[in-house]
Amino acid sequence: MEARATVSYARISPRKVRIVLDLIRNKPVGVAMGIIKNTPKAASEYLEKLLKSAMANAENNHNMDINKLYIAECYANQGPVLKRVRPRAQGRAFRILKRTSHITLVLKEVE
């Protein structure tokens, strides 16, 4: 039995999210929440909300015990890229890539 939560089209690069995901992978949810709250990264805001959502899904939809949950899987895949143009010297234009992420958390109960 597993509970999952996803956020799609998060306006943050997947590379930045993976840094924080590597810190919380295979940790109990209480420890993971503490790590997320004390990590000064932009991805922490997205992941805190996502972890709370996954915990609520586990409790309400699957009748799982919150105290026994751990993060079984977590990954961030690349979403669509917003392409923008920045004017530069001598009439040139440089492209700015505003990347998006699809982030997934999967929680399971400790056996």
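The values are calculated or read from the model by the stated rules, or taken from the named source; none is laboratory data. Everything numeric in this text was worked out from a predicted model, so none of it was measured. Using ideal geometry, Cβ is built from the backbone for each residue, glycine included, and neighbour counts are taken over all protein chains shown. When the accessible area is computed, the model is the full protein with side chains, heavy atoms only, and any ligands, DNA or RNA have been set aside. Shrake-Rupley method; radii C 1.70, N 1.55, O 1.52, S 1.80 Å.
Of Lys83/Lys108; Lys68/Lys98; Lys16/Lys108, which sit over 32 Å apart, Cα to Cα?
Values: Lys83/Lys108 38 Å; Lys68/Lys98 38 Å; Lys16/Lys108 25 Å.
Violating the 32 Å Cα-Cα cut-off are Lys83/Lys108; Lys68/Lys98.
Taking only protein heavy atoms and a 1.4 Å probe, what accessible area per residue, in Å², does the chain have with all protein chains in place?
Values: 7150 Å² over 111 residues.
Heavy-atom SASA per residue in the chain reads 64 Å².
Based on the Cα gyration tensor of the chain, what are the three equivalent ellipsoid semi-axes, each the root of five times an eigenvalue, rounded to whole Å and given largest first? Walk me through the numbers on the way to the answer.
On the way: eigenvalues 237, 35, 18 Å².
For the chain, the semi-axes come out at 34, 13, 9 Å.
With angles folded into 0 to 90 degrees, how steeply does helix 14-24 sit against the dominant principal axis of the chain? Use alpha carbons for both and round to 10.
20 degrees
Give me the percent of accessible area attributable to carbon and sulfur for the chain, probe 1.4 angstrom. Walk me through the intermediate numbers first.
Numbers: 3410 of 7150 Å².
Roughly 48 percent, rounded to a whole number.
With only alpha-carbon atoms in the gyration tensor, what are the semi-axes of the equivalent ellipsoid for the range 1-42, in Å, largest first?
Values: eigenvalues 64, 49, 16 Å².
Its equivalent ellipsoid spans semi-axes of 18, 16, 9 Å.
What does the charge count around Ile36 come to, taking other residues whose C-beta lies under 13 Å from its C-beta (Lys +1, Arg +1, Asp -1, Glu -1)? Don't skip to the end; give the middle numbers.
Values: positive: Arg25, Lys27, Lys37, Lys41, Lys49, Lys52; negative: Asp22, Glu45, Glu48.
Summing Lys and Arg as +1 and Asp and Glu as -1 gives +3.
Given H placed on each backbone N at 1.01 Å, which residues far from Lys27 in sequence or on other chains put an amide H within less than 5 Å of it?
Ile71
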